[in-house]
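Read the structure below first, then the notes.
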Amino acid sequence: MHQSLDEFINRIKSLEIQGAKEIAVESLKFLREYSKEKGFGKDFDRTAHLIEKARPTAVILHNCLEILRNNKNAITIAKLINKLNQSNKEIAKRGSRLIKDGYSIMTHCHSGEACAVIEQAWREGKKITIYATETEPKHQGIITAKELSRKGMHVYLIIDSAIEFFIKDVDVVIVGCDAIRKEGVVNKIGTYPMAVVAKEHKKPFYVVGNTLKIDKRKKLIIEERSPHEIYHEHMKTLEIKNPAFDITPWKFVNRVVTEKGIMTPGNILRMLK
């Protein structure tokens, strides 16, 4: 193997590998290589468990591992990787229908699936403009801004607190997600206020994510990240809180773009029963 388990987990925790779908694909690839050397015994189970714990909020890896636990072999891994990669193409084709020529789109953080939708619309010849938040504290939105800008799109990179200032200039908001739950959509912290602002200004708020992100777990763990991402100096009475995700209630969501179609919140809630 080219990298150890500790090295791989550190790549996930440090956000070198980011995005729920991307984490799942890379984890499955790591486990595929691991199984070639170690097989599918108890060590494999332990390794899968440790990888899952690295980013506990995102459900897609959990759902993939549940499928794999019931049928532990290389064929299952290959099918899951193919399904995840193919779902991106289906999501892109379906989601691009929501984007009209001349649209301005606001987005948050970095989602491979949301970017795929936007890029598909661009490839179809639609002239679009992007407003991407920088997404503090790790500036993941800058990745989105650079990625879409390199494609030739006109991108405005804005600070997170400027959402309300620019919302009047956009036609739709499109974001990815890490989990789809009965309480709402789990995504990068700052998504909820963006959805509230969008609703206040009557702008459609679209969420993008494949159906492996449907989360039926009883308990949701909102990951708390290192305080050093925000501030390095230690002060006795200063406590830093750094949650990575928030939950946007369904009343703020207009549609969810999945590989199976464009769904209403009602459609999704029926799937969650």
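Taken together, the values in this text are just the output of simple stated rules run on the coordinates, not laboratory data. The structure displayed is predicted, hence computed values, not measured ones. Please note: Cβ atoms are built from the backbone with ideal geometry, for glycine as well, and neighbour counts cover all protein chains shown.
Using amide H atoms built 1.01 Å from N in the peptide plane, name the residues 5+ places from ASN187, or on other chains, whose amide H lies under 5 Å from its own.
ASP178, ASP246, THR248
Which ³J(HN,Hα) values in Hz, rounded to whole numbers, follow from the phi angles of the range 204-218 under the Karplus curve 6.51 cos²θ - 1.76 cosθ + 1.60, where θ = phi - 60° and Gly and Pro get x?
Per residue, the Karplus-derived 3J(HN,Hα) values read x, 10, 10, 10, 10, x, 6, 6, 6, 8, 5, 10, 9, 4, 5 Hz.
Using helices alone, I'd like the mean residue ellipticity at 222 nm for the chain: each DSSP H run of four-plus residues gives -39500 (n - 2.57), total over residue count, nearest 500. Display every interim value, and only then the final one.
Working: 10 runs with 118 residues, N = 273.
Dividing the helical sum by the residues of the chain leaves -13500 deg cm²/dmol.
In whole Hz, with x marking every Gly and Pro, tabulate ³J(HN,Hα) for the range 11-28 from phi via Karplus 6.51 cos²θ - 1.76 cosθ + 1.60, θ = phi - 60°.
5, 6, 5, 7, 6, 5, 9, 9, x, 4, 5, 5, 4, 5, 4, 5, 5, 5
Please list 193-201, 109-117, 250-258 highest first by mean number of surrounding beta-carbon atoms within 10 Å per residue.
109-117, 250-258, 193-201
So how do 21-31, 134-144 stack up, highest first, on mean other-Cβ count within 10 Å?
Listed from highest to lowest mean packing, they are 21-31, 134-144.
Mind listing the long-range amide H neighbours of VAL155? Cut-off is under 5 Å, sequence gap 5 or more, other chains count too, H placed in the peptide plane at 1.01 Å from N.
ILE130
If contacts are Cα pairs under 8 angstrom and at least 6 residues apart, what is the relative contact order of the chain in percent?
Relative contact order, the chain: 19 percent.
Lys/Arg Cβ at +1, Asp/Glu Cβ at -1, dipole of the chain taken about the Cα centre: which of PHE30, GLY95, ALA20 is farthest positive-ward?
Projecting each Cα onto the dipole axis, the largest value belongs to GLY95.
To the nearest 20 Debye, how big is the dipole of the range 5-90 about its Cα centre, given +1 on the beta carbon of each Lys and Arg and -1 on that of each Asp and Glu?
220 debye
Given LYS21/LYS251; LYS21/LYS202; LYS89/LYS213; LYS199/LYS251; LYS203/LYS251; LYS199/LYS273, which pairs have Cα atoms separated by over 18 Å?
LYS21/LYS251; LYS21/LYS202; LYS199/LYS273
About its Cα centre, what dipole magnitude does the range 92-271 give when the only charges are +1 on Lys and Arg Cβ and -1 on Asp and Glu Cβ, stated in debye to the nearest 20?
It works out to roughly 900 debye.
Take the Cα coordinates of the chain, assign each an equal point scatterer, and use the Debye formula without solvent to give log10 I(q)/I(0) at q = 0.08, 0.16 Å⁻¹.
Calculated log10 I(q)/I(0) at the listed q: -0.33, -1.26.
Report, in whole Å, the centroid distance computed from the Cα atoms of the range 26-65 and the range 117-135.
Cα centres, the range 26-65 to the range 117-135: 33 Å.
Restricting to the chain, what percent of DSSP beta bridges are antiparallel, rounded to 5? Working shown, then result.
Numbers: 11 of 29 bridges.
Of all bridge pairs located within the chain, approximately 40 percent are antiparallel.
Considering the convex hull of the alpha carbon atoms of the range 45-112, report its projected area averaged over all viewing directions, in nm², one decimal.
Here the figure is 6.1 nm², rounded to one decimal.
³J(HN,Hα) across the range 145-158 via Karplus (A = 6.51, B = -1.76, C = 1.60, θ = phi - 60°), whole Hz, x for Gly/Pro?
Working through the residues one at a time gives 4, 5, 4, 6, 5, 5, 6, x, 6, 7, 10, 9, 9, 10 Hz.
PHE205: net charge of surrounding residues, Cβ under 12 Å, Lys/Arg +1, Asp/Glu -1, itself excluded?
+3
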